[in-house]
Each structure stands twice: as C-alpha cells, then as structure tokens.
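K.L.:
A single structure is presented below for examination.
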4 protein chains.
Amino acid sequence: MNTIRTVQVGIIGASGYSGEELVRLLLNHPHAQLAAITSRQYAGQTLGQIFPKFANHPRAKDLRFTRPESELLARQVQVVFLALPHGVAAEFARPLLELGCQVIDLSADFRLKSAEVYKEFYTHDHPAQELLAKSVYGLPEANRGAIKDATLIASPGLLRAGLIKPSGIIADSLSGVSGAGRKAELDYLFVECNESVRPYGVPKHRHLAETEQELSLAAKSPVVLQFTPHLIPINRGILTTLYLAPATHFTNAAELFALTGKVTACYEAAYGNEPFVRLLEGKAFPDTKNVAGTNVVEIAWRLDGRTGRLIVMSALDNLVKGASGQAVQSMNILRGFPETAGLV
Amino acid sequence: MNTIRTVQVGIIGASGYSGEELVRLLLNHPHAQLAAITSRQYAGQTLGQIFPKFANHPRAKDLRFTRPESELLARQVQVVFLALPHGVAAEFARPLLELGCQVIDLSADFRLKSAEVYKEFYTHDHPAQELLAKSVYGLPEANRGAIKDATLIASPGLLRAGLIKPSGIIADSLSGVSGAGRKAELDYLFVECNESVRPYGVPKHRHLAETEQELSLAAKSPVVLQFTPHLIPINRGILTTLYLAPATHFTNAAELFALTGKVTACYEAAYGNEPFVRLLEGKAFPDTKNVAGTNVVEIAWRLDGRTGRLIVMSALDNLVKGASGQAVQSMNILRGFPETAGLV
Amino acid sequence: MNTIRTVQVGIIGASGYSGEELVRLLLNHPHAQLAAITSRQYAGQTLGQIFPKFANHPRAKDLRFTRPESELLARQVQVVFLALPHGVAAEFARPLLELGCQVIDLSADFRLKSAEVYKEFYTHDHPAQELLAKSVYGLPEANRGAIKDATLIASPGLLRAGLIKPSGIIADSLSGVSGAGRKAELDYLFVECNESVRPYGVPKHRHLAETEQELSLAAKSPVVLQFTPHLIPINRGILTTLYLAPATHFTNAAELFALTGKVTACYEAAYGNEPFVRLLEGKAFPDTKNVAGTNVVEIAWRLDGRTGRLIVMSALDNLVKGASGQAVQSMNILRGFPETAGLV
Amino acid sequence: MNTIRTVQVGIIGASGYSGEELVRLLLNHPHAQLAAITSRQYAGQTLGQIFPKFANHPRAKDLRFTRPESELLARQVQVVFLALPHGVAAEFARPLLELGCQVIDLSADFRLKSAEVYKEFYTHDHPAQELLAKSVYGLPEANRGAIKDATLIASPGLLRAGLIKPSGIIADSLSGVSGAGRKAELDYLFVECNESVRPYGVPKHRHLAETEQELSLAAKSPVVLQFTPHLIPINRGILTTLYLAPATHFTNAAELFALTGKVTACYEAAYGNEPFVRLLEGKAFPDTKNVAGTNVVEIAWRLDGRTGRLIVMSALDNLVKGASGQAVQSMNILRGFPETAGLV
C-alpha cells in the first residue's frame, strides 16, 4: 500500500476572503500541512487573532502571519498559493518558481496566454510576460475565476459537440459581495449592498478575455462573449444564466425533446462522474445556498420551445469552486493526491 | 380657480404587500380619501392592529378591515383598487363595474386582450371574458406588472423608432421577495431566501404573454420574448437587464458613437419630461436602493462595441412603480388629478 | 391667517447617512428651502451625482456640494444642520453662531454640560467649552442620539413619577449598521456584517455620559446606567430593551395588575398625545420595520410576575428619530413651525 | 489497538432545519452510518430531492425518507435522534426505548424533571411522564436547547464557585430565524424578517423552566431568570448577553482587577481544555459569524467598574451547538467515541 507523503504548503495573502477560505480548506486537508501564512497588514499576529474562528483548530495553534519573503517561504514549503489581487500575484510567482516552489495562483494574472490581450483588458503591461508563454501550471482545472468557471464548466462541452453556435453567447451573472474582496470601500459597505442590486463593469469586464480565450479553443473559432455581472446582497455565491443558440433549429415538440436529450447526454458524458458537478434533473433549479461552502457547481438547462434558445443556469461558491477549492483541487492533481482530498 | 374634489376610494385585498403599499400611498394622497379596506382574513380588525406602522396616522384612525361586499363598497367609494391574486380579481371587477364603480386592477387578470392567450398561459378559462374585449380601463400606463413595466418602459420606444430588431429580445430579471406576495410558503421563508439566489419559472413565465402583446403592438410585428426571472434576497425591487440587437450594425467607434446618440435621443424624447423616469447619464448604473419606496424607474444603456449589442438596464420598486404607485398614477389620470399627486 | 415664512437651511456634512436622510426630509419640508449642502469629499458635484435618488426631485435640481465655508453659508441660510462626526461639529458651530445662524447639531458634541465628563468619555478636551455652558439650543427634544433617545423616551417619565428605582437600570440595544456612519472600514463591509451579530463598546460606551446626565436630572439623583450595544445586520433601526426595577414590590396578581395600570397611565400621560410616539397595546411588540423611515418610536412594556422586573422595549429609526428627524423636529420648534411639519 | 465499531443511526424528523443539520453531521461522521431518515411530508422521496446539497454525497446515494415506524427503525438502527417539534418527541421516545434503541432527543420534551413544571410552561400534560423520572439519557451535556446552552455554559461555573449571586440574573438573547423551525408562517417570511428586529415571548418563554432547573442545581438554591429573546435577520446563531451581580463588591481598580482574574480563572478551569469552548481574550467580542456551522461556543466577559456588574457575552450556532452538534456530541459520549468525532 502506497502512503501519501504530506506536503508543506504556504499562502501569500492569507488575510483576504479567498485566503481565509484557503486556510479553512488546508487546515483540514488530509495530505497538506499549512506551514506559512503571509500578510503585510497583519504580520506578527496569530491566525486566531485575525480570524477567531480558527483559534481553537488543533493545526492552527502556532500559525502566525509573516511578511511575504520568498527565500524564507521556499525553505518552509513546497507549494505556495497566491491569494492576491490581480497584478500583484505575478511579481511573487517568479522568485518562488526560481527557488523551486510549485505555485498555484488564484488571481487572473496567469490566465491569459497573450500579453497583448492582457494589456488591452488590464491597461498595463503584464509584469511577468515570459511566464505566460510557459503555461506555467498546466492544469486543466486550475486558476479559473469564479465567473469564468460558471461559463466554462457549462458551455465548452456543448461547443465541442457542435450543439450550440459559437456566436451570440450571453452570460448574465449574479455575484455575492465577497467577490469584491476584503477591502474597505464605500461601495461594499453593508448599508450600500443590503436591499440593493446593481450591474457593474458593463459592457467590458476584465474576466471576459480569459473566458473568450478558453471558449474559442473549445469552439475552434473566435468566440465573443456578452457578459453582464450584477452585485447582489449575499456573502457567497455566483449564479450565472447562459443564453445559447442551438446549432440546429427545432420546429416541433418531438425535435425539442430530441435536442434536450442530446444536451443532457452531452452534460452526462462530460460531468456524470465528476465529483464536484451536480447536474440537476427534473424541475430543480440551481441555488447558491445549495453550494455555499462546497466545491460543487450545480447546473440545470431548459430548451425554450417559444424562442428556440437553450438556457443554462449554474450556481457555485465564488470563494470555493471559484477560488480556493479550485486551487486545492489543482494541488491535489499536481501532487498526485486523490482529486477530492480535503474537499468533501 | 378650479378646486379638485376628493374621491372616496377602497381597496379589496388590502392585507397583502401591494395592498399595504397602496394603503400607504392613499393615506397620504391629497385628493383621495381611503374609505374602505377589505380582507377576508382580518375582517373586524383595525388597520393598526395588522399594520402597526399605520396606527398613528391621522387618516387611519377609524379604518377597519371588512369582508369584500360589492354593494356595500359601491355605496362608500367611487374608485376600487383590486390588490388580489391573479384569477380572483376578475370575479370582483364585474359586479363593481355594474354598480358604477371605477375599478383599477393591480393583478394580471385584465392585461390580456385575448381569452385564448389567457388560457394558454394560465391553464384555465378567463373568468370574465366579455370584460377583456371592452378594454375596460383604457389607460395606457395602467395595470402593468412590475416585470412587464421594466421591459415595456425600456423598449417600445426603441422598437417604434426602428432602432432595435423585434426578434431575439432577452429580459433577465432579478426580483425581490415581496413579489411573491404575503403568503406562508416554505420557499419564501427568511432562511430559504437569505444567502440564496435562484431562477424560477424558466422558460415560460406567465407575465410573458401580456408583455409580448404590448411589444408586438409597438413593433407592429409579433415579438417573442425570452424572459428569465431570478429571486434575490431583497424586500423590494426589480432590476432588469435587456439584451437587444440594434437594427443597424456599427463597425467602428464613430458609428457606435452615433448610434449611442440616437438611442439617447430616443429615450430623452420619450421620457425626458416624465416625472417618474430617471435616465442615467455618465457612468451610473441603476440600483434598486435608489428607487425603493418611490414610483421612479431608473434606466441606463450601453452599446457594446465588441458584441454589437445594446444593453439596457432598469430598476424599479415592484410594490410601487410595479403595482401600487402605478395604480395610483392611473387613478390620477382617470380622475383628472395631477399625475404625480400622492406620488412625490 | 398667519402665513409661515419659509426658512433657508443648509447642511454641513450632507454626504453621510444622517446627512442624506436630512436632505430627504428637508427637500420635502413645507416651510424649509434647502439652499446649501457641503461635503469636502464631493465639493463641486451635484446632489444627484452622489445620491441618484434625489436627481429628479424638483427642489434638488440646482443643488451642488460646496466646501463648508462659514461666511458663505451665513449669507445663504438662517439655519445650519451639522451632520458631522463627533469632535468635528464643535469647530463649525462657533463661527456660525457668531455670524448669526441658528445651529442644530446632530452629533454628540454639545450634549454634555460638563467639559470634564466630555474629556472622561472622549479622551480629549472639548473643542468649544464655552458653548457647552450656554446650553446653546435649549430645546428639550433636540440633539439626542439614537441610543440615548430610546432610553430617554422610555424611562424619565417613570423615574419622575417614582415608579421605578433609579439604580440598576440596564439598556440592551440592537443597532443597524448605518449607525456606524458612511465610512470605509472593514468592520462594516457587507460580508463582515451579514450573518453576524456582535456586541461592541462594552462596558463603557460614549453615549452613556449624556444619557446618564439626562436620567439623573429626571430622577433627581445620580443614575448609573448599564448599556450594551450590539451590531445587527439591518440598515436602519435600533431596538432597545430596558430592565427596570419597580419602586414598589408586588406579591400577587392583583398588585401586578395595579402596577401595570400605573405604568400604562404614566406612559399615556407622557405620550398619549405625542405625534411621534406609538404606545403598543395588547400583545404587540416593537419592530424596527414598523418605524423605518419615520420619526416614530414604538414602546411596549411588560411586568414580569416571576422576577418582579419591568421590561420596556422600544424601536426607532436611528437615522430619523435618532438623528435627522429629531433635528427637523427641533427646527420646527425653534422656528415656530408645526412640530410635525415635514415629518409625516 | 481497539477499533471503533460503526453505529447505525436514524433521524426522526429529518426534514426540519435541525434535522437537515444532523444529516450533514452524520453523513460525515467517522463512526456513524446514517441508515434511516423519516419525514411524514416527504416519505418516498430521496434525500437529494428535498435537499439538493446532499445529492452527490457518497454516503447519501440510497437515502430515502420513510414514514416514522418504530419497529422498522429498531431493526435498522441502534441510535435514534428525534428532531421533532416540542410535544411530539415524547410519543416517539417510549416505543423506541422499549425496542432497545438509544434515543437522543433534540426537543425540550425530556429536559424537565418535573411534570408539574412542564404543565405550567407548556399548558398541557407531559405525554410520557414516567420517562421524565428515569432521567433517561443521563448525559450532562445532552439535550440542551440553544438558548439554554448559552446561559448554562456561561454561568453555572460562576454560581458553583460562588463568584456571582444567584438572584437577578438577566439573559438577553438574539436569535437567528432558523430557530423558529422550517414551517410556513407569515412571521418568518423573508420580507417580515429582513430589515426587522423584534422581541418575542416576553416575559415568560418556555425554555426558562429547564434553564432555571439547571442553574438552581448549580447554585444549590432556587434561581429565577429574566430571559428576553429577540428575533434578528440572520439564518444561524444566537448571541446572548448575561447581566450578573458579583458576589463581592469591588470598590477600586485593584479589586476589579483581582475579581476579573478570578472570573477568568474560573472559566479557564471549567473550559480551558474543552474542545468546543473558545474563551476570548483581550479586546475580542463573540460574533455569530465566527461559530456558524461549528459546534463551538465563544465566550467573553467584562467587569464594569461603573455599575459593579459582570457582563458575559456568548455566541453559538443554534443548529449545531444548540441542537444537532450537541446531539452528536452526546452520541459520541454515549457510544464511547472520541467526543469530537464528526464535529471538527
């Protein structure tokens, strides 16, 4: 019987919402030992002082935030998670990679393959262009943002199978406030978000670029996506509604029934055995409360006989499946652990 | 100088959320005297016992819920508001009309002109078909439901002006929980709605029929609408995102700029002087918290240079602009009062 | 018939939550004209740009935030409201008073009569000690903070009537997040407040000093108050539970009944005719949703036959009755307007 | 090395909020196999149909709700959890006990030792009086309700140590809406609870009787408790503030400091090694968000030099520590499992 060797892991930027969630997952991971957490703001304080909910955890007793220093980290851990804002992550990745660490980035910094596209969407040069080309982590499921996730999980299979047209895809997303990060801004105060719902970043949101890149690969032709995010008053969760055009028209109930069967078969082939995808049957619709705190994405679909459109709806927890859970899943694959370790 | 004569009004079904809001508006209306409120459930109790917030109101002192009896009502009031669930309203309308009352219906019962379409969407015969044909109230702004409002306020002008194509319109809506009514169902418990967001009624929601009817009139050709409602954890408000296809393509920034100008001009012509429409300029987006408790609808629009689509976003309070406020506005027009009386 | 002359009013600090609420009330006040609003942060921008909900208001068209300059203000208005953080208000009051303005302060700066007590609770010298002694505004209902309100409205009458003991009073308060002000701090982010409830400022909260000062006056002996505030996830509202010891013991149901009658009579004598106090009868309890957006305070009371204690419960809107509404009520009295003008 | 034998367990009433939480804990318990779940309402449906979040769980695949039949259950399981409303639980306990099952009751039905006290508080005869006397389960930590928990965890040690007076104890509680159960009632609709806070059951709440019983045992003299619950808009959590009178007066800072040390020592002696009690040090206050989803209770205390009172504040998750987690902890002790099994 093979025994699994525990890996030492660290988190840079452990005091944000994704970092906090990553701490939770890694403290309970059967094959990982959380050995280092960094935070410029809280350096010197214990984990329990900043997040009391971890204060009693048997594996959190001696954890204390430190300043992020690559050499120190490289001596302590083999895997480093970057839970940092966009643009900052890239700076940390290079020295850690050079020192031999494996790096798993939760930000968007390494999701794009083209430095030109990066500059178009982020309005500044990519800080580590040579790493982009290396396709650093090479994990199919890794490094996806929450919004991208919902769309990418729900549609590439349909594109590849030729069931939907690559043009005219619309993704309408409803995001919880933790997606904005743990930063003190007026817009995210309780009073500003409670009893409020509003669109933002319309029409050109930054995550579009990476999503279009992946969808285009699946479709083998350029895909331009319409994406409209909205901020809603929940802590966690993203619900996405996709509006898709079936590649073949249906003109009566029998054809609609047949096409529904093909879509269902496509989803079952793609995800029927995936531990973290729940395909909803019958009359059920996705609901963020059913996936909160888990690495699961719920998906449901309906063909509309009146408009001819395929509506795909999905729900996931932006902090888990959309960030930390996804990152842990990547580590599991990277290190040869069971893919679900620490995630169920 | 003409003096305005106060009208005596009554509400059938005054104990639901729309009824409660209608009570609030009518108690403060300068030209209406709320003389009768009915509720089978609370008959015999005072208004203040059921809604303590009205207990001190100087004009609410003697108001007591009664059973809904047409003859009694017709002796007391000239205008009756029906704040009842769908299917029930029609039964009450006929006797009241015969007794000479003016009836303003907040439900969907009289919104459709065709009894066949009614049966298709509601799965039972219309209870007062002969009144459908009479086009009873004849007020252009009257009797619109909240969801329909958002769509109808935002797009018919564009259709009439030929700025957008009549096909392929998508309306994606986010609704507060009061839209489900004041009824004891598990789905609408606090615990089920808080930290939850979910679609419902996809793909064929009942309000579609009436909305398509009105849009088709504006477009002078049949319009089939894609409509996806979602339930979000706010008390009041509906935020709708419309995805529209401009009638003319634009291929460069100059054409996009020109088309944006036409859309803006179209909205300003239609609503620039409307007291209850706020056209958002600059970078602002609609937000339900900016319209809660008011009869105002906020509208913003963006042309997307990447996809070629026109995105229109709107926010309104489903209980006011989407129900009670709209009804009071109708009464104001019907009785010759200033259109904004009791609404600002 | 006397006609009421409209007064020109200004607000210093109009961009906070109390300021925003004051704008709402004054824009709709029948005898006040809002002529000036100041905000260092937003100087130069229109009211509608910062608060879109006022953009269409017929009386808000030309309002633009300016820097707070006393001389300019004194030329424009006769009454100035200070909606500023504690410690800042005092600096503005002196020059405005010297220039002949009437000043109504929503902060705590002038609530204490003793500069020593101010220093004990605020840990710095009072910035305008000579104004403390002048008892500047002299209005019994003016300048009370929200928390103080609930306690002061509910208990001085009982103290004066000798119905309760002055010792051992406990006030346990539950406050909405707007009470923390419109400032960007991590503690008040949506994610930190939603699904959270926590005490704060225990055991020595700043508002204690002023409340004890007023209670001691009523009791004619020093009152020391136990006060425990809690932050709960609502926008508006404070619910306070007071634990009081009746001055006379009751040992049977008849005595309990008699004492209940006395308490009720005391409340009815004190508030039976007050337009903004709702004494709850029967089984009703106060609820913040019944007072939100209004200047009303709800009060209920129960004698506990088992413990011998009198429990008094009250609810009010911290932004209205606890701040802006109270301030407008003060202005009404100060200027000889009907006390309820602009508040119902 | 001793191996632990897995126990087969069942839940009667698995479709309420406590039942749902118990399902979650038992599906992940290392030594328990959830073999039966009952629900009259959902009999015949799978667990995943009613609670989609469990649909993918590897140990939930074949779970289907059945009607609660004692003989069938007794053949399937050794331990039965009763997650039923008060008054109903007792009927199920007797036959199951006679059939040899171990029964763990989450309701209040067996918490009282006196049938007379039961009748006084519940207004009907106890349905299984002979079981009351048997002190059926005999587990010190078992069968405590959420509110009782907070008070009982926080104060008996102080009473036993003679640090506080047994008279005059006040418990002021803030409860999340899940405490009201998963039942369709107007009072618990989202719209009625959101933006609302209200007291309820004042002054004589049912849980008082059992709490007083246990406190009296600790104090060795009758304790009469003042208890004021409030409903606040969160899903999970109870925050309780206790007002206590120290047995010895302190008259200066040194005595206050000394007494604080004794209270701290008392808490550390009682709970320093408890896995589910977090004693907060420094400036921290309990917060329900820090215990949500866990079996932990947070406790903080402050002596007030001004009033002489000891303020104890605690937070727990009513569905876990206050119900299901507590019940699992009881099972762990009853079956000789590690006390924390399935709970961390």
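K.L.:
Give me a single rounded figure for B:53-59: the average over its residues of other chain Cβ atoms within 10 Å of their Cβ.
P.N.:
On the way: counts 10, 1, 8, 10, 1, 3, 0.
Taking all residues of B:53-59 together, the mean is 5.
K.L.:
Under the definition of partner shielding as Cβ atoms of other protein chains within 10 Å of a residue Cβ, what is the mean value for peptide C:171-178?
P.N.:
That works out to 4 on average.
K.L.:
Magnitude of the Cβ-charge dipole of the protein assembly as shown, K/R +1 and D/E -1, about the Cα centre, nearest 20 debye?
P.N.:
Magnitude of the dipole: close to 0 debye.
K.L.:
In whole angstrom, how long is each semi-axis of the equivalent ellipsoid of segment D:265-317, when you take the square root of 5 times every eigenvalue of its Cα gyration tensor and sort them from largest down?
P.N.:
Equivalent-ellipsoid dimensions as semi-axes: 21, 14, 8 Å.
K.L.:
Something else now. If each of D:R59 and A:A253 carries a label point 7 Å out from its Cα toward its Cβ, how far apart are those two points in nm?
P.N.:
Result for the modelled spin labels: 4.5 nm.
K.L.:
While we're on this one: Of the trypsin sites (Lys or Arg not before Pro) in segment C:297-344, which ones lie in a loop per DSSP and count no more than 14 other C-beta atoms within 10 Å?
P.N.:
Passing sites in segment C:297-344 are C:R306.
K.L.:
Something else about it: As a quick test, which of the pairs D:K204/D:K321; B:K61/C:K220; A:K283/D:K289; A:K119/B:K165 have an alpha carbon distance above 28 angstrom in this structure?
P.N.:
Result: B:K61/C:K220; A:K283/D:K289; A:K119/B:K165 exceed 28 Å.
K.L.:
If I take the Cα coordinates of chain D and project them onto the principal axes, what are the three extents in Å, biggest first?
P.N.:
Taking the Cα atoms of chain D, the three principal extents are 67, 54, 41 Å.
K.L.:
Shifting gears a bit: What aspartates and glutamates sit close enough to A:K183 to cross-link, taking a C-alpha to C-alpha distance under 18 Å and skipping anything fewer than 8 places away on the same chain?
P.N.:
Answer for A:K183, where 18 Å is the Cα cut-off: A:E20, A:E21, A:E192, C:E185, C:D187, C:E192, listed by chain and number.
K.L.:
For a quick size check, give me the Cα extents of the protein assembly as shown along its three principal axes, largest first, whole Å.
P.N.:
Extents along the principal axes, in whole Å: 99, 83, 64.
K.L.:
Still on this structure: What's the buried accessible area, both sides, between D and C using a 1.4 Å probe, rounded to 100 Å²? Mind showing how you got there, number by number?
P.N.:
Numbers: alone 16390 and 16370 Å², together 28940 Å².
So the buried area, both faces added, is about 3800 Å².
K.L.:
Put a label point 7 Å from Cα along the Cβ direction on C:E71, then list its distances to the equivalent points in the other copies in nm, shortest first.
P.N.:
6.1, 7.9, 9.9
K.L.:
Additional query: Going Cα to Cα from B:K262, which aspartates and glutamates come in below 16 Å? Please leave out same-chain ones fewer than 8 positions away.
P.N.:
Those aspartates and glutamates meeting the cut-off are B:E281, B:D304.
K.L.:
I'd like to check one number: the per residue accessible area of the protein assembly as shown, probe 1.4 Å, reported in Å² as a whole number.
P.N.:
I get 38 Å² per residue for this part.
K.L.:
Answer with one residue from D:Q78, D:L106, D:N28: the one whose Cα lies farthest towards the positive end of the charge dipole of segment D:1-115, charges on Cβ with Lys, Arg +1 and Asp, Glu -1.
P.N.:
Projecting each Cα onto the dipole axis, the largest value belongs to D:N28.
K.L.:
Loop only per DSSP, at most 13 neighbouring Cβ atoms within 10 Å: give me the GluC sites (Glu not before Pro) in segment D:1-75, ordered by residue number.
P.N.:
Within segment D:1-75, the qualifying GluC sites (Glu not before Pro) (loop, at most 13 other Cβ atoms within 10 Å) are D:E69.
K.L.:
On to the next question. Sort all Cα-Cα distances of segment C:290-339 into consecutive 5 angstrom bins from zero, then give the percent of pairs in each bin up to the one containing the longest distance.
P.N.:
In whole percents, the pair-distance histogram is 5, 20, 17, 15, 14, 10, 9, 6, 3, 1.
K.L.:
Moving on to the next point. In nm, what does the list of distances from A:G282 to its counterparts in the other copies look like, shortest first, when each label sits 7 Å along Cα to Cβ?
P.N.:
Nearest to farthest, the other copies are at 4.2, 5.0, 5.2 nm.
K.L.:
On to the next question. Using a 10 angstrom cutoff on alpha carbons, build the Gaussian network for chain D and name the most mobile of D:H207, D:H230, D:H86.
P.N.:
D:H86
K.L.:
Roughly speaking, to the nearest percent, how much of chain B's 1.4 Å accessible area is carbon and sulfur? Kindly include the intermediate steps, with their values, before the conclusion.
P.N.:
On the way: 6660 of 13120 Å².
About 51 percent, which is the carbon plus sulfur part of the accessible surface.
K.L.:
Using unit Cβ charges (K, R positive; D, E negative) and no other charged atoms, how large, in debye to the nearest 20, is the dipole of chain C about its Cα centre?
P.N.:
In debye, rounded to 20, chain C gives about 360.
K.L.:
Using +1 on the beta carbon of Lys and Arg, -1 on that of Asp and Glu, and nothing else charged, what's the dipole of segment A:1-103 about the Cα centre, debye to 20?
P.N.:
280
K.L.:
While we're looking at this one, here's another question. Report, for B:E255, each distance to the same residue's label point in the other copies, shortest first and in nm; define the point 7 Å along Cα→Cβ.
P.N.:
Between copies, matching label points for B:E255 lie 3.1, 8.8, 9.2 nm apart.
K.L.:
Please report, to one decimal in angstroms, the Kirkwood hydrodynamic radius of segment B:199-307 built from all distinct Cα-Cα pairs.
P.N.:
By the Kirkwood definition, the hydrodynamic radius is 16.4 Å.
K.L.:
Ignoring everything except DSSP H segments at least 4 long, calculate the 222 nm mean residue ellipticity for the protein assembly as shown; use -39,500 (n - 2.57) per segment, divide by total residues, nearest 500.
P.N.:
-8500 deg cm²/dmol
K.L.:
Which trypsin sites (Lys or Arg not before Pro) does segment C:1-46 hold that lie in a coil by DSSP with at most 16 other beta carbons within 10 Å?
P.N.:
Hits after loop and neighbour filter: C:R5, C:R40.
K.L.:
Another question about this same structure. Grab the eigenvalues of the alpha-carbon gyration tensor for segment D:24-84, scale each by 5, take roots, and send me the semi-axes largest first in whole angstrom.
P.N.:
Its equivalent ellipsoid spans semi-axes of 18, 16, 9 Å.
K.L.:
Hey, another quick one. Alpha carbon centre of segment A:198-214 versus segment B:21-79: separation in Å?
P.N.:
What the calculation gives is 50 Å, centre to centre.
K.L.:
Next up: Over chain A, with a Gaussian network built from C-alpha contacts below 10 Å, which listed residue (A:A184, A:A265, A:A323) shows the highest mean-square fluctuation?
P.N.:
Answer for the Gaussian network model of chain A: A:A184.
The values are calculated or read from the model by the stated rules, or taken from the named source; none is laboratory data. From a predicted model like this one, the values you see are computed outputs, not experimental measurements. We place every Cβ from the backbone using ideal geometry, glycine too, and count neighbours over all the protein chains shown. What goes into the accessible areas is simple: the full protein's heavy atoms, side chains included, and nothing from ligands, DNA or RNA. Shrake-Rupley method; radii C 1.70, N 1.55, O 1.52, S 1.80 Å.
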